Amino acid sequence: MTPFNRRRTISALTLTALCAFAGLAHAQLKPDHLYNGVDRPIPMSVTRPAGKEGELSIQLLEPVSANVVKTAPVKEGPINLASLFPTLWEDATKRLLYAQLVVGEQRVGPAVVLQPMEDPREAVVRENRVEWKPQPMRTFTGYRTYVDKMVVVETTAGDIQFVMRPDEAPNTAYNFLHLVEGGFYTDILIHRIVPRRPDGAPFVIQFGDPTGTGAGSPGYSIDLERSRLPHTYGVLSMARESAPDTNGSQVFICLSREGTQMLDGSYCSFAQAISGVETITALAATSVDGEGRPTTDPPPKVKNARLIDALPYGTAPKPVTRPATAAEPAAR
């Protein structure tokens, strides 16, 4: 059994697009479709933000660096992103990009995530380690396109705000957005807190099970993705069974690099906190029993989680870092 057990295996289910994030009204660049098949139009609409003057354009941006790949001028109204950027279909190697509306020199509104739809990589466990089967060819079927969102997790100790990292774990990030928009994380116990491992290193805060037992799920599983986002302070990652493809709704917040670095490559990290250090610190200080179950009355809870528009890509605050007062683990 792994440190993040949901204690029962649930059958795999293909994700369905029940929540069309692309249709939210406040975005200035808005996709018409969530899914766009290969070599077909990618229809979107452009709305000039009120009070913004200047030439309109769209930038294709690289993840993390926000470097500009290409730029194309646009006008208000309907556009076809595929005709503006033929490279989306022509480049042999597909990668996740962001489409960002620009007015004059200023990036405005949330970007649109352009996620290539490709065959997932298959994970296997050998000698308690996750390995990835070779996959020389991955079938590309088009793009999933949706407005970039951040998630605010409201707990009884305060709020934590997360930016998504679909560049590292696109299906996992999208699954979390889907659950948040659907109200899954409402009035849920924070059922496991491990402030320190036996060696003294701060470990994790875990939630996402409506039953509060560690056995609950959303009724389906998703595949483990090969994320390269390091497990470090403030990173959000998926809990799972010992079998790799049993990710669902349970997640954990990392409390230190030294305590969680051994999870790299075996668990799927998919988001980073950009605010809420005080909340994380307060939750980590909760009184718990030997199994990490909170013993306070009442126990800490996630009151709700909600989506908010992301800031223009590349302008969000940097991920939080571990407070200096918590920089050293307790004596062993």
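The values are calculated or read from the model by the stated rules, or taken from the named source; none is laboratory data. Just so it is clear, the model here is predicted, and its values are computed rather than measured. Positions of Cβ are backbone-derived with ideal geometry, glycine not excepted, and every protein chain shown enters the neighbour counts.
Exactly one residue out of ALA215, ALA285 is modelled with pLDDT of 95 or more and either closer than 28 Å to GLY182 by Cα or out of contact with any helix residue (DSSP H, G or I) (no Cβ under 9 Å at 6 or more places or on another chain) (or both), and it is ALA285. Once segment 206-241 is narrowed to residues that are of a type in the set (Val, Ile, Thr) and crowded, with 23+ Cβ neighbours inside 10 Å, the residue that is farthest from the chain's Cα centre (by Cα) is ILE222.
Of THR296, THR286, THR321, THR279, all but one fail to be in a loop (DSSP other than H, G, I, E, B), of a type in the set (Ser, Thr, Tyr) and over 23 Å from THR213 (Cβ atoms); the exception is THR321. Of all the listed residues (ALA82, ALA72), the sole one being under 16 Å from ARG40 (Cα atoms) and in the same structural domain as THR47 (by TED's automatic domain parsing) is ALA82. When the residues of segment 251-266 are filtered to those that are in contact with a strand residue (DSSP E or B) (Cβ under 8 Å, 6 or more places away or on another chain) and surrounded by fewer than 24 Cβ atoms within 10 Å (Cβ to Cβ), which remaining residue is farthest from ARG129 (Cα to Cα)? Looking at residues that are in contact with a strand residue (DSSP E or B) (Cβ under 8 Å, 6 or more places away or on another chain) and surrounded by fewer than 24 Cβ atoms within 10 Å (Cβ to Cβ), I get GLY259.
The number of residues in segment 31-52 that are charged (D, E, K, R) and closer than 17 Å to PRO312 by Cα comes to 2. Looking only at residues in segment 102-120 that are of a type in the set (A, V, I, L, M) and either part of a strand (DSSP E or B) or modelled with pLDDT under 95 (or both), the one that is surrounded by the most Cβ atoms within 10 Å (Cβ to Cβ) is VAL113.
Of GLU76, GLU90, GLU105, all but one fail to be in contact with a strand residue (DSSP E or B) (Cβ under 6 Å, 6 or more places away or on another chain), of a type outside the set (Ser, Thr, Tyr) and either without any contact (Cβ under 8 Å) to a residue 60 or more places away in the chain or farther than 25 Å from ALA173 by Cα (or both); the exception is GLU76.
Being of a type in the set (Ser, Thr, Tyr) and not in a helix (DSSP H, G or I) is the filter here, so list the residues in segment 144-181 that pass it.
Step one: list which residues in segment 144-181 are of a type in the set (Ser, Thr, Tyr), which gives 145-146, 155-156, 172, 174.
Residues satisfying the conditions are THR145, TYR146, THR155, THR156.
Being of a type outside the set (D, E, K, R), buried (at least 23 other Cβ atoms within 10 Å of the Cβ) and in a strand (DSSP E or B), is that true of even one residue in segment 121-143? Give the derivation first.
The initial filter retains those residues of segment 121-143 that are of a type outside the set (D, E, K, R), namely 123-125, 128, 130, 132, 134-137, 139-143.
Okay, now just the ones that are also buried (at least 23 other Cβ atoms within 10 Å of the Cβ), so 143.
Still in the running and in a strand (DSSP E or B): 143.
Yes: one or more hits.
From the list GLN161, GLN206, the one residue that fits, being under 18 Å from THR296 (Cα atoms) and in contact (Cβ under 8 Å) with a residue 24 or more places away in the chain, is GLN206. The set of residues in segment 26-69 that are part of a strand (DSSP E or B), surrounded by 14 or more Cβ atoms within 10 Å (Cβ to Cβ) and over 22 Å from the mean Cα position of the chain (by Cα) comprises PRO43, MET44, SER45, VAL46, LEU56, SER57, ILE58, GLN59, VAL69. On the basis of being buried (at least 23 other Cβ atoms within 10 Å of the Cβ) and of a type in the set (S, T, N, Q), does THR172 make the cut? Taking the combined requirement at face value, the residue satisfies it. Only one entry of ALA72, ALA82, ALA99 meets the criterion of being assigned to a strand (DSSP E or B), at pLDDT 95 or above and within 14 Å of TYR143 (Cα to Cα), and that entry is ALA99.
Of all residues in segment 151-162, those satisfying the criterion of being surrounded by fewer than 21 Cβ atoms within 10 Å (Cβ to Cβ) and in contact with a strand residue (DSSP E or B) (Cβ under 8 Å, 6 or more places away or on another chain) are VAL152, GLU154, THR156, ASP159, GLN161.
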